[in-house]
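Here the structure is laid out as structure tokens; the discussion comes afterwards.
The values are calculated or read from the model by the stated rules, or taken from the named source; none is laboratory data. Keep in mind that this is a model prediction, so the values were computed, not measured. SASA here: full protein model, heavy atoms, side chains in, ligands and nucleic acids out. Shrake-Rupley method; radii C 1.70, N 1.55, O 1.52, S 1.80 Å.
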Amino acid sequence: MVGIVILLCILLFLLLIIGRNTKKNTVVEWIMLFWFRLACAIAILFFINLLLNENGSTFVMNSFSILVITILGLPGLICIGVIHIFLREMKKS
């Protein structure tokens, strides 16, 4: 699985180098930016989950939360965090 991801990243990087002066360049750049933001969103959620596990809480890492953070960025992270706090408080009461 990791090999496939590495191969796709190398392929996208080569496409970026080859198509630097073409109009397809914007599409390749958008795809590469999306994959970079996706990887950052997964890493951020992973580290948040690690921090919350020390306190006895968990933070759900699912495809919806990863896509929201990937597309929206910091506002998406804040929204997912607020939803998490709201649901945790609803469980307590």
Taking only protein heavy atoms and a 1.4 Å probe, the highest-to-lowest accessible-area order of W35, W30 is W30, W35
Heavy-atom SASA rank of I10, I48, I80 (probe 1.4 Å, accessible area, largest first): I10, I48, I80
Just by accessible area at a 1.4 angstrom probe, what is the order of S63, S93 from largest to smallest? S93, S63
